[in-house]
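Single-structure report; data block below.
The values are calculated or read from the model by the stated rules, or taken from the named source; none is laboratory data. Not measured: the values here are computed from a predicted model. Please note: Cβ atoms are built from the backbone with ideal geometry, for glycine as well, and neighbour counts cover all protein chains shown. Surface areas here come from the heavy atoms of the whole protein model, side chains and all, with no ligands, DNA or RNA. Shrake-Rupley method; radii C 1.70, N 1.55, O 1.52, S 1.80 Å.
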Amino acid sequence: MPVLAINALAKSYDATWIFEDVSFQVEPGQKLGIVGPNGAGKTTLFKILLGQEEADRGDVSRSKGLRLGHLAQHNVFDSDRSVIDETLEAFRDVFETEKKLRAVEDDMATAGAETMDRLMARHAELAEPFERAGGWSLRPRAEEMLAGLGVPRALLDRPVRTLSGGETGRVALAKLLLAAPELLLLDEPTNHLDVDGCEWLENYLISSSAAYLVISHDRWFLDR
């Protein structure tokens with residue numbers, strides 16, 4: 001069962017057809033590259049798949065409940081959150097659960113015997129979904145991804161809105177990969193990466209079980 005199916009898609013601007021009769025499907029875990037000259041409609045295709053633009057003809061079908069993630073060519077963060085907190089934003093609920101766990105543990109430290117059983121049951125109730133979501137490993141994984149993509153540790157506590165364009169692109173990519181969607185739409189993901197960052201991303205995507213569509217002019221990256 002494909003996670004995404006495109007049938008006879010067509011798009012025009014000002015009576016000029018950008019593309020016509022585009023049909024393909026993406027199977028779970030499949031890796032597909034999209035290539036073509038500037039202006040061929042690659043980014044427009046992504047916008048249609050994301051529902052940001054309407055096609056003139058054709059259909060796009062997604063599997064039910066599909067978790068889809070997108071990396072744009074240009075990313076902007078308007079937040080006062082730190083780099084590390086922005087990267088972990090998709091897991092806000094997990095960290096709210098951690099705060100509740102800490103509060104219960106504080107109560108347990110001074111609780112009498114008559115309330116300890118209730119607190120222990122509450123702790124177990126909170127700990128199970130927190131551990132299932134990988135709560136204890138999320139921050140170390142985020143730091144590892146940021147470092148691999150070339151974001152130095154010194155930037156982790158800096159407000160994300162103060163970053164340069166290249167730094168913002170790397171944080172956006174780390175945030176996307178950490179959220180682990182089932183299907184990734186990556187638009188020129190190596191644009192802001194140095195050689196080490198490109199190698200890290202290549203190895204990550206090679207080992208990933210996610211499906212992805214990647215737009216790139218980097219032939220070495222595509223071959224890898």
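Listed by chain and number, the aspartates and glutamates placed with their C-alpha closer than 14 angstrom to that of residue 11 are 20, 21, 53, 54, 56, 59; residues fewer than eight positions away on the same chain are left out. Protection proxy ranking, highest mean first, for peptides 183-192, 4-13, 34-43: 183-192, 4-13, 34-43, where packing is the per-residue count of other beta-carbon atoms within 10 Å, averaged. Sorted on the mean count of surrounding Cβ atoms within 10 Å across their residues, most packed first, peptides 166-178, 206-218, 49-61, 142-154 read 166-178, 142-154, 206-218, 49-61.
Cross-link check: pairs 42/175; 47/99; 42/99; 31/100 evaluated at a Cα-Cα cut-off of 32 Å; pairs beyond the cut-off: 47/99; 42/99; 31/100.
What angle do you read, to the nearest 10 degrees and between 0 and 90, between the alpha-carbon axis of helix 113-132 and the longest principal axis of the chain? Long axis of 113-132 versus the principal axis of the chain: about 20 degrees.
Of the accessible area of segment 29-134, with the probe set at 1.4 angstrom, what percent is carbon plus sulfur? Its accessible area is 48 percent carbon and sulfur atoms.
Taking the C-alpha atoms only, the angle from helix 165-179 to the longest principal axis of the chain is near 70 degrees. One Cα centroid belongs to segment 181-205, the other to segment 1-54; the line between them spans 20 Å. Angle between the Cα long axis of helix 195-207 and the longest principal axis of the chain, 0 to 90 degrees, nearest 10? Once rounded, one gets 80 degrees.
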